[in-house]
Amino acid sequence: MAEPQVLPYVTEGDYARAAGAPRQVLWPSGTLEGPPPLMFPRPPADFYDDEPLRLDFPAVTHAVLRDIVVRGRSNMLTAADAILRHDLVDPETDLPAEAFYGRLRPAAGDAAAEWEPFDPFNVDYLPEAAAFTDPASFNYAHWMTETLPRIAAFMQVRGAAHVPLVVDGDLHPNMLRSIAMAAGPQAPVYRLAPNRLVRVGRLHSISPTGYAPFKLRPGATRRATHGVFAPGPLRDTVQRLRRAAGAEPSAAGGPRLLVRRSADLRRIVNQADIDDALLARGFEVIDPGAMSLDEQVRAYSAASMVVGGTGAAITNLIFAPPRCPTIVMMPKLPVTAHWYWRRIAAAAGAGPVLHVIGDLTEPLLDPLDPQAAHRDFRITVEDVLDAVAAGEALGG
């Protein structure tokens, strides 16, 4: 096996410009604005920022690169003379999954990098393809808001319907279904296992449509990030999936949904009390984990209000109608992506997001410990009911 090679570590955009690669803008850059947040109970003024929403998002572009290697479970590309990261990664603050798990070794102060010696190297070849692999592709939230919208954006490119879509080989059936819904049932899909590479003669690359860093470097000046999401591709994705599922957004009067989670992390210890209070007020229980993707799209599109604990199941708020509020219950932590769902909803054109926060049941000694966000927490029932009343006032 050949020794790894230290290569310049650059952005795809810089590489495409230097290589003179054809590049077109699919969706322009812009700014998305919204109202101030609603949080119950209201924390101290200096605990969370309470500024109106402002989301600056970049243009989404399509480039054609030559002779590129694509890795399973990675969104970094390798050319003969460089390793390419996407343009939203900030190497000073962000720690990509490839570096966290030791697959990628930065060098020369992050100006260069190399793949570690035992990184998978079984190579296939495709004359033409589009790459949509990602280290977080197994995560439903990242898939629906970051990867799938790139596939939908690629469908705007002439001839895209006949180009193989390179995706990770271990995707959940609902994610595979989403590809058919966004790209069409006849779209060719090339599933790349984590232990394989594929070299592509002519690679179509779609720039990020959304991004939330995997982790932050220890001591990074930016202690929390809430994600960046481009409205155009995300809204196009929502419409494609709605059409495929036969779903129509409800104007008013649809069911009010209480989302059940069956996760081992971030459990709400008094969930039963919250369930009793909401069921008494006409909410219907929904378990997205037991539903097909088509069923989930139809259920959320028809909803008039959604309540649930933070986690993958909340991702479906992208399908909620504009007048459908989503109430997200989450732990009260000084450093967390507390506006993550609010930004996704705004980009998707969905209804407002209201937050209900509660204390951890077993607080950690270090409140900045990144594991704190995965601990169990308790929510006060009265705070949930206050949020429901506020959601009703907003039109839910």
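Taken together, the values in this text are just the output of simple stated rules run on the coordinates, not laboratory data. Quantities reported herein were computed from a predicted structural model and do not represent experimental measurements. We place every Cβ from the backbone using ideal geometry, glycine too, and count neighbours over all the protein chains shown.
Listing for the model above:
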| read-out | value |
| --- | --- |
| Per-residue Cβ neighbour rank within 10 angstrom, fewest leading, Asp56, Asp383 | Asp56, Asp383 |
| Nonlocal amide H pairs with Asp124, under 5 Å, H built at 1.01 Å | Leu197, Val198, Arg199 |
| Sorted by Cβ density within 10 Å, fewest first, the residues Leu317, Leu148, Leu55 | Leu55, Leu317, Leu148 |
| The stretch 167-229: trypsin sites (Lys or Arg not before Pro) in DSSP loop, at most 13 other beta carbons within 10 Å | Arg222, Arg223 |
| Pairwise label distance in nanometres, Gln5 with Ala108, each label 7 Å out on the Cα-Cβ vector | 1.4 |
| Long-range HN-HN contacts of Met39 with modeled amide H, under 5 Å | His355 |
| Rounded to whole Hz, the Karplus (6.51, -1.76, 1.60) HN-Hα couplings of the stretch 278-290, x for glycine and proline | 7, 4, 5, 9, x, 6, 10, 6, 9, 10, x, x, 9 |
| Karplus 3J(HN,Hα) series, Hz, for the stretch 65-76 with 6.51 cos²θ - 1.76 cosθ + 1.60 (x for Gly, Pro) | 10, 10, 6, 10, 9, 10, 9, x, 6, 8, 9, 8 |
| Backbone HN-Hα couplings from phi across the stretch 236-242 [Karplus 6.51/-1.76/1.60, Hz, Gly and Pro as x] | 5, 4, 4, 5, 5, 6, 4 |
| Cα shape, the stretch 85-178, gyration tensor, a/c 1.5 rule | prolate |
| Long-range amide H partners of Asp168 with built H, under 5 Å | Asp134, Leu192 |
| Solution diffusion estimate, µm²/s, Stokes-Einstein, the stretch 246-393, Kirkwood Rh from C-alpha pairs, 20 °C, viscosity 1.002 mPa s | 138 |
| Counting all C-alpha pairs of the chain, share separated by more than 42 Å (%) | 13 |
